[in-house]
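Reading through the structure tokens given below for one structure.
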Amino acid sequence: MTTNLRVVLLIAGLFVFSAFVTSLGAAEPTNIVFVISDDQGYGDLGCTGNPIIKTPHIDRLASESTGLSDYHVAPTCSPTRCSLLTGHWTNRTGVWHTIMGRSMLRENEVTVGQMFADAGYETGMFGKWHLGDNYPYRPEDRGFTEVYRHGGGGIGQTPDVWNNAYFDGSYFHNGEIVPAKGFCTDVFFAQANNFISKCAKQKKPFFAYITTNAPHKPLHCPPKYMAMYDGQSENIAAFYGMITNIDDNVGKTRQLIEDLGIADDTIFIFTTDNGTASGAKVYNAGMKAGKGSPYEGGHRVPFFLHWPAGGLTQQHDVNELTHAVDIVPTLLEMTGVKKTKGVKFDGVSIASLLDPTADDIDWPERFVISDSQRVRDPIKWRSSSVMFQKYRLVNRKELYDIATDPGQKKNIAKKHPEIVAKMREFYEQWWAELKPTFSQTTEIYLGHPEHPVVSLTAHDWIQKVYPPWHQGSIRAADRKQKDSKKLTHVGHWAVKVVRDGKYQVSLRRWPTESGAAINADLPAGASVPGPSPTFRSVVGNAIGATHGVLRIDGKDLQRKPVEQDAQEVTFVTELTKGSYQLAPFFEIKEGELGAYYVVVRSLN
């Protein structure tokens, strides 16, 4: 069959699906509840064959939904989330890592939250964002009207509220720190359910993005859920317990929308952000590897979509190759929400594939890519999987046919050089298109009226080595540097001054909410249920700082002593509009120690 004929048949299939949905004559706009968990793989569900895990509510959802069985994401969390929210390849958006300033979604990207907000929807985001903690990268800057989240990529990471753990934490509610009681997943779902109830009672359409940080490590879990897995290792009991807790919350939310009378007009989605982080040794659905890997177990994940008004209420498996970049265009087509002018998606709408009544949809051949660029700057072919039909080209050299070899044990590259060449050609064109964008560094804005006080953390230092991305590292204050007798500060924040004027730059060793002096040591904090230590359980070491230094663009502009019991060293400097590398540090006995926390205030 020719490519042109395939395109004609595809268009015809889309027309049939649109006519099918229109014929239902739904009077109400379509709501969306989108649930995504963190580090849960394809095999970490009962409905995908796991013999141990208890997920009855998600299993039931799967039995009443269209599911994608060849659906792919990035092998790690931030990259998946940017594609899922924009319909663009991860590397196009500036998000190819989870730290080092490479987890911030470029300001020119338009999110699905913005598109639905522009269409009159209430838009809520609950849990893990991990696409930037400062303007213009926060969820409230990207179209979400109600935001309740932790900081950074997980509870207890450097941008999060100080001393947070998975129980009784504090979170950012529309920018303000508020305390909460209970286990984090329960808190995030409760906030989402309040939002859903309010919208339903006000008869407002809504998009609820519920994104748990569980079951991401550290492995902390309510004891009653761990007790469900007696006989398993502590780590598996906690990991699976966290998933069963998510499952219970999915069940509660589905019951809520039934009780509110809005279930028919609500699209309910459950998916995950990358391959399993902890469950592969127990059950991995026959796939190779897990989180972070270019092999199938790193990026093939579950996806279930239920929508009564759209006729999507029965178990229906879609075995065509699909990707996270397809989800935004699909949701726009299904709800009738218009794409923002000028946006061009890398993905395609798969709405016609979801319809269980559609016959003989001739889906065109396509290529998709998943790669793991856990480095400061992308490297060609690094940890990559090019996908074409059931073929996988891994790291440029290894070819697998997962239809006959799902575990990717037999490299058939030498037997099929023509397929390898075809897949390499696609990657080369893809890379050539995206490569010019890699130098477009995401910069944190200073002086913007929407965010006059900016809190910077070491999580976003741009440097070749990993920065202190969690609070355990901050507490430990490692003062060793490979191949160097004297410690030097090698990282910087990329910042963009948006208006000329005076700026106050305050250097801190501990965050503002800690109330701790620069040279204070801190006791270890309390642990919580689960086998992992909390990040706060590390003793906070004193650093013996003598001076603070304001370094901008490699030049040391000002230097001040650290006064006894001072919580910060503060400088005032004139800055003109433009881009800068901000790298303040403390002088200590071992050399230079970057200020882990810096607060910049516009004095204009």
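One line per residue, one yes/no per condition, for (1) acidic (Asp, Glu); (2) assigned to a loop (DSSP other than H, G, I, E, B):
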| residue | (1), (2) |
| --- | --- |
| ASP44 | yes, yes |
| SER83 | no, no |
| HIS88 | no, yes |
| ILE99 | no, yes |
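Against the list (1) under 24 Å from the mean Cα position of the chain (by Cα); (2) more than 25 Å from LEU131 (Cβ to Cβ); (3) surrounded by fewer than 23 Cβ atoms within 10 Å (Cβ to Cβ), the condition MET287 fails is (3). Only one residue in VAL112, VAL7 is surrounded by fewer than 17 Cβ atoms within 10 Å (Cβ to Cβ) and either modelled with pLDDT of 95 or more or assigned by TED's automatic domain parsing to the domain that holds ALA238 (or both), so which one is that? Just one listed residue meets the conditions, VAL7. Look at the stretch 149-163: where a residue is farther than 16 Å from PHE188 by Cα and a partner is of a type in the set (S, T, N, Q), sitting 6+ places away or on another chain with Cβ atoms under 6 Å, you get THR158/THR457; PRO159/THR457; TRP162/SER514. Looking only at the stretch 314-332, residues that are touching a helix residue (DSSP H, G or I) at 6+ places or on another chain (Cβ under 7 Å) and farther than 16 Å from THR86 by Cβ come to 3 in all.
Only one of the numbered conditions (1) more than 27 Å from the chain's Cα centre (by Cα); (2) at pLDDT 95 or above is violated by GLY25, and that is (2).
Among the numbered conditions (1) surrounded by 23 or more Cβ atoms within 10 Å (Cβ to Cβ); (2) over 25 Å from MET287 (Cβ atoms); (3) touching a Pro at 6+ places or on another chain (Cβ under 7 Å), the only one that LEU45 does not meet is (2).
Could you list, in sequence order, the residues of the stretch 429-439 that are closer than 29 Å to GLU398 by Cα and part of a loop (DSSP other than H, G, I, E, B)? Once the filter is applied, which keeps residues that are closer than 29 Å to GLU398 by Cα and part of a loop (DSSP other than H, G, I, E, B), the stretch 429-439 yields only PHE438. When CYS199, CYS221 are checked against the criterion of being more than 28 Å from THR123 (Cα to Cα) and buried (at least 16 other Cβ atoms within 10 Å of the Cβ), a single residue qualifies: CYS221. Against the numbered list (1) touching a residue at least 24 places away in the same chain (Cβ under 8 Å); (2) farther than 21 Å from TYR209 by Cα; (3) out of contact with any strand residue (DSSP E or B) (no Cβ under 7 Å at 6 or more places or on another chain), ARG376 comes up short only at (3). Take the residues of the stretch 135-173 that are in a strand (DSSP E or B) and over 16 Å from the mean Cα position of the chain (by Cα): which is nearest to MET125 (Cα to Cα)? Looking at the filtered set, the residue picked out is GLU146. Within the stretch 100-112, residues that are over 15 Å from TRP129 (Cβ atoms) reach partners that are surrounded by fewer than 22 Cβ atoms within 10 Å (Cβ to Cβ) and of a type in the set (Ser, Thr, Tyr) with beta carbons closer than 6 Å, at six or more positions or on different chains, in the pairs VAL110/THR340. Of the candidates THR266, THR276, the single residue that is crowded, with 21+ Cβ neighbours inside 10 Å and in contact with a Ser or Thr (Cβ under 8 Å, 6 or more places away or on another chain) is THR266.
The values are calculated or read from the model by the stated rules, or taken from the named source; none is laboratory data. Because the structure is a prediction, the values reported are computed rather than measured. FYI the Cβ positions are ideal-geometry reconstructions off the backbone, even for glycines, and counts take in every protein chain you see.
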